[in-house]
1. So if R0 is 56 Å, what FRET efficiency would A:ARG205 and A:LYS152 give, r being the distance between their Cβ atoms, rounded to the nearest 0.05?
2. Give the cross-link partners of A:LYS139 among the lysines, using a straight C-alpha distance below 17 Å as the criterion and excluding same-chain residues fewer than 8 apart.
3. Cα to Cα, under 22 Å, and not fewer than 8 places away if on the same chain: which lysines meet these conditions relative to B:LYS347?
4. For the pair B and A, how large is the buried accessible area, both sides, in square angstrom to the nearest 100, if the probe is 1.4 Å?
5. Rank by packing, highest mean first: peptides B:193-206, A:289-302, with packing defined as the count of other Cβ atoms within 10 Å averaged across residues.
6. Kindly report the accessible area of the protein assembly as shown per residue (heavy atoms of protein chains, probe 1.4 Å, no ligands, DNA or RNA), in Å².
7. Based on the Cα coordinates of the range A:185-432, what is the per residue volume of their convex hull in Å³?
8. In 5 Å bins starting at 0, how do the alpha-carbon pair distances of the range B:303-406 split up by percent?
Number of protein chains: 2
Amino acid sequence: MSKLLPPHGGKGLTVTLLEGSERDAELKKAQGLRKVEISRGERGDLIMIGTGGFSPLGGFMTREDWKGVCENMLLADGTFWPVPVNLSVSKEDFDAINDGDEVALYFAEKDEFMATMKITQKWEKSEDDKKWECETVYKGQGEESADDVFWKIAMEDHPGVQRVMADKNYFLAGPVKVLSEGDFPTKFKGTYMRPADARAEFDKRGWGTVAALQLRNPMHRSHEHLVKIAIEVCDGAFIHSLIGALKPGDIPAEVRIECINTLIDGYFVKDFAVQGGYPLDMRYAGPREALLHATFRQNYGVSHMIIGRDHAGVGDFYTLFEAQEIFDRIPYAQEGCPDPGKALLCKPLKIDWTFYCKKCDGMASMRTCPHGKDDRVILSGTKLRKALSDGEPVVDHFGREEVLEILREYYAGLTEKVEVKMQKAASGADMK
Amino acid sequence: MSKLLPPHGGKGLTVTLLEGSERDAELKKAQGLRKVEISRGERGDLIMIGTGGFSPLGGFMTREDWKGVCENMLLADGTFWPVPVNLSVSKEDFDAINDGDEVALYFAEKDEFMATMKITQKWEKSEDDKKWECETVYKGQGEESADDVFWKIAMEDHPGVQRVMADKNYFLAGPVKVLSEGDFPTKFKGTYMRPADARAEFDKRGWGTVAALQLRNPMHRSHEHLVKIAIEVCDGAFIHSLIGALKPGDIPAEVRIECINTLIDGYFVKDFAVQGGYPLDMRYAGPREALLHATFRQNYGVSHMIIGRDHAGVGDFYTLFEAQEIFDRIPYAQEGCPDPGKALLCKPLKIDWTFYCKKCDGMASMRTCPHGKDDRVILSGTKLRKALSDGEPVVDHFGREEVLEILREYYAGLTEKVEVKMQKAASGADMK
C-alpha cells in the first residue's frame, strides 16, 4: 500500500497518454483530422495533462473553468486549481471547427502530432477578459504590480502576461488523447519522469512524506540547504527541475541537470534525494504558480512543496514571501475542508531566505542567523554570472566548487560561440 | 484566540497550586495534618502536578492508573500517559493513614510543606510489581537491556530503576493542593516557567506551532542545529532545560542555563527562541521518557517535541533511535484516534544524529551528509570533559567558543574545589 498522498482531485492519476497499438491507431486517425497548431507552452501543458501531471484535468479548460480559476481558484466542479490551462487557436481554425468535432493538435516546430482533441466547447476571451486574467492571476503585491505601474511594464517585462496577451482570442475546450511526450523522454533520459514513475520510485523507497524543490536556476548551496532541511523533516526530497522553456538568458536544463547530479553525487545521501524533470514552461506567476507547483507536485506523490523567497517570481511583480502567504488564503484549505477530494492536500514547506554566514559557520536563514550583512555571503545573480563568465573565483562558501566548474565551462562555451560569431563576422567583412 | 495545542487530556490546564490567602489558609491547615515525607523526585512530580505541567493529573496515581500506564500507557480513564507518577510512603505512615484522610506532604531537605493531599486509595506494590514496572517502563532494546544482562546491572547503572526499586512498597493516591514550587522560581528566576507562563509567552508572539528541545546537558552546536531546523519549520522553538536532579557528574542547571543564554544572545534570532526550565528529575527512561517529554510539553503549548539520538537514555539500555520509533506505536496515535481528547497531540520532530562536517562545510546529519568519519567533528563526552577540565582547546566547529569558555570556568572551579579539599585534608593530617 502506497503511503503517498493521493493525486489531486480525488480521481487518481487521470492519464490520457496513449501507448502501443492504441497510440498507433490514434496517430493514424490524427493524420486525417483538422490540424490545429499549438504553441510550445501549450505543448508543455498538454504533456502534463497526458501523463496525469495535471490530474484531474483531462483536457483544456472551458470558459466556466477558466473564469472560476481566475476568480476563485476553483474549476467549474469546485475542485481547487490556481492557474488557467487553456488552448487558443486562430480565427480560421475557430470558425472551421464545430462543437463535437475531433481535431489533431500539432506542434509545428518539431513537425509532430501531439494529441487528438474532442471539442466540447468553443469560447472566446475579449481583450478585457485577457487583461482581467492578467490582473487576477499575474498581478501581485510587488512594486511593479502597483496599479499605476503594472500595465506600463507588464507587456515588456512579464513573460506570463506576454503569453496571455499573445494568445489569439479564440479557445477550444475538451478532452485530449495525448500521442507524444515530445523529445523530453529522450533528451532528458533518466531525469524526465511521469507522475507514475515518481510515485513508483518513492513507493519503492517506502516514503510517505516527500518534499519537492522547484528549480529553474542552477542549484547552489542555498537550494541545497532548503532540500537538506526538508530531508530532516520528511522521508525524502524530490529535486524537480523545470525542463520546459525559460526566459532568455536563463541556464538551459541540460546544464542545470548536470549541476544537480554533481551535487547529489558529492553532497547528498542518495537514499534521501531523487532528481526529476517536468516539461512545463515557466509562467512566472509568483504566488499563483507556487500553488500550481504544489498542485501538480501532489500528482507526483509530493506532500510538501518547498516555498522559499520569491518563488516563481519575475522582476519586482511580487513581494519576497507573497508565494508563501497565499497558501494561508486558498479556498478548500486542508483543515475543515467541506469536500476533501477537491482540496489541495500538498502543504507548503515555507523556508526563509537562506545563505552562508561566517559567524554562524554554516548555512543559515533570516530566521536562524542574528548576524549582520557583512557576515553573510549573499551574491546577486548578476555578479555570479559575471564571475563565472570571466572565469574568476566565486566568493567562498557560495556554491560547491564542482558545480561552479560546470557553470564556468558553460559560460566559456557561450563566450567561444560569441567569439566564433565575431570572427566569422570579421572575416566575412574582410572578404567583402 | 490562542493558536497553540490544548493541554493534554482535554481538561485544560489542571492547576492545583494555591496562591495568596487560599494558600496561607491551606498551609496553616497543613501544619496540623500528619506529615508525610516526600523524596526530591516526588517533589518535582508534585510541582509539575501543581502548575498543570502534568495535566490532566490532579494528584498521585491509583494502582489502576499505575498498572494501566505500565502495561498500555493509559490511565484508568483511558487517557494516554507513558510513565508512572506515584507517591511511596513508609510502612508507619501507611498504617496510620486511612482512606479519606488528609495529610501534609513535607520535603525535609528544605524543611518545607509542599502540599496537602486527600487520600482516595492506599495501595501496595510487591517486589515483583516493582520489577515488572522496571521491565515494562525502563527496559529497552539496547545491549544492557538484554534479558540475561538487565537485572545484573540495572540496580547499579540505571538511575530510573534505582528510583523505582528504592521506593518503599506502600503508596498513597489522591488529589493534591500544592503549596509551593520550592526554590525553583527564585533560584531559576527568568528561566523557570509554569505552563501558563510559557503559553502566554508563545501567544504573545502569535505562535501556533512550537518545537521543544529537551536539554539536560550543555548546549553545543549539535543541539543548536536541531533547534535551528525546528525554527525553519515551526513558528518558534522552546529550549526547555531540566532543572531538577541529574546523575552525579552531570553539569548543574545554573551553568547550563548560562550556556543557553550565551548561545541565544550570540547565535539565535531572539524572535524565534524562548528558554525555559522545568523542575523534574531525570528518570532516564529513554523511549517512555521521550513520550513523557512530549506529553508534558503539550501542556506548555508545544506542538513538536524534538527527538534526537538516544533521547533520555542512559548507558546502553536503549538503542540510538528507540525513542523516535516508540511514537509510531503508541495507543491513541493522532490519526484516527477514537477519543481525541485522550490522545497525545504533540508530535515528535525526529532528527538524526547531527555533527559538523568539513566537506559539507557546516552542520549536517546522517541523513544529509554522505561523507566519511574523518570529515566529521564528533567528540565523545569523555574527551570533551577532559579537554575542558585540562583547559585545552576543543576541536574546531564542535561548540561555540563563548559556551566552551563558560564550561572551562566551571571545570576550573571544580578543580579548585578539589585542590582546596585536598589541601585541607593534607593540613588536617599535618596537625594530627
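1. Details: r = 50 Å, r/R0 = 0.89.
Using R0 = 56 Å, I get an efficiency of 0.65.
2. A:LYS67, A:LYS130, A:LYS131, A:LYS152
3. A:LYS3, A:LYS228, A:LYS347, A:LYS350, B:LYS3, B:LYS11, B:LYS228
4. Details: alone 19250 and 19230 Å², together 36060 Å².
Buried area between the two chains comes out at roughly 2400 Å².
5. Numbers: B:193-206: 18.1, A:289-302: 27.1.
Per-residue mean Cβ counts within 10 Å order the peptides as A:289-302, B:193-206.
6. Working: 36060 Å² over 864 residues.
I get 42 Å² per residue for the protein assembly as shown.
7. On the way: hull volume 39.3 nm³, N = 248.
Enclosed volume per residue, from the Cα hull, is 159 Å³.
8. Percent of Cα pairs in each bin: 2, 10, 15, 15, 17, 16, 9, 6, 6, 3, 1, 0.
The values are calculated or read from the model by the stated rules, or taken from the named source; none is laboratory data. Quantities reported herein were computed from a predicted structural model and do not represent experimental measurements. Counting neighbours? That spans all protein chains shown, and the Cβs are built from the backbone with ideal geometry, glycine included. Ligands, DNA and RNA are stripped out before the accessible areas are found, and what is left, the full protein with its side chains, is counted by its heavy atoms. Shrake-Rupley method; radii C 1.70, N 1.55, O 1.52, S 1.80 Å.
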